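The values are calculated or read from the model by the stated rules, or taken from the named source; none is laboratory data. Please read these numbers as outputs of a predicted model, since none were measured by experiment. All Cβ positions, glycine included, derive from the backbone under ideal geometry; neighbour counts span all protein chains shown. Quick note on the areas: whole protein, heavy atoms, side chains included, nothing else; ligands and nucleic acids left out. Shrake-Rupley method; radii C 1.70, N 1.55, O 1.52, S 1.80 Å.
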Amino acid sequence: MPATLFPYPGVLPEFTSTGGALFYAGGDFSSPELQAMEADGLLRWVYAGTYVRWDVQLDPVCRALAALHTLPQRLSAKAMLGRLTAAWVYGCAPPPRRLQLLVDHRSRTTALPPFSPAVLHEVRLTPADGMDIAGIRVSTPLRTAVDLALHGPEEEARQALLAIAANPVLDCSLPRVRSAVDAGGRQPGKSAALRRLDLLLRQSAPDRRDA
């Protein structure tokens, strides 16, 4: 059976050591060397210049550490991985083209440097909106799903919402997401988000015509 970076299956720990399971381009090996090891089946690509040993199961810790490695330390200390990036961390979306970062609108955060691998969204955040995975803050599954319903690109958000709802570990059913959006007060995109979720609920409901 493959090894795992989680101490217990299905549990998101506050912190864990990779134990040499992850490899970063520019560390012990160059990017071409890591790519060659991937071609030989010794490594699997995670994100950007990060690879994982072939016998380690890709999980949220692997993906969070890969994202963390691409960000400046000053930014990773303030920002939270969110939206489609958080969905990817949870295994519910493809690797993002650019990391989507959330920062509280009340914080003082400098602009991203040119050619940054990330995009920054200034939003309202509370301590309950995030969780720590391997040393970086990630929006909770519920906050992630609500953000996707409100702001996500239509098709990508739809696929991610269905994947999040289908993962029992994340405990984030579509009715729960809809209730959270509905309780969120007035905000741009709320009506469209509720319609999107209602459509997903109808599409995912059991077909009763043969009952």
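Odds and ends about this structure:
- Residues that are open to solvent by 70 Å² or more (accessible area, probe 1.4 Å) and at pLDDT 95 or above within the stretch 168-177 comprise PRO175, ARG176, listed in sequence order.
- Inside the stretch 117-151, residues that are more than 23 Å from THR50 (Cβ to Cβ) and crowded, with 24+ Cβ neighbours inside 10 Å make up a count of 6.
- Taking helices (runs of 4 or more DSSP H) as the structural unit, those lying wholly within the stretch 124-198 and holding at least 2 residues that are farther than 18 Å from GLY82 by Cβ correspond to 154-166, 174-182.
- Residue count, the stretch 49-93 (criterion: charged (D, E, K, R) and touching an Asp or Glu at 6+ places or on another chain (Cβ under 7 Å)): 1
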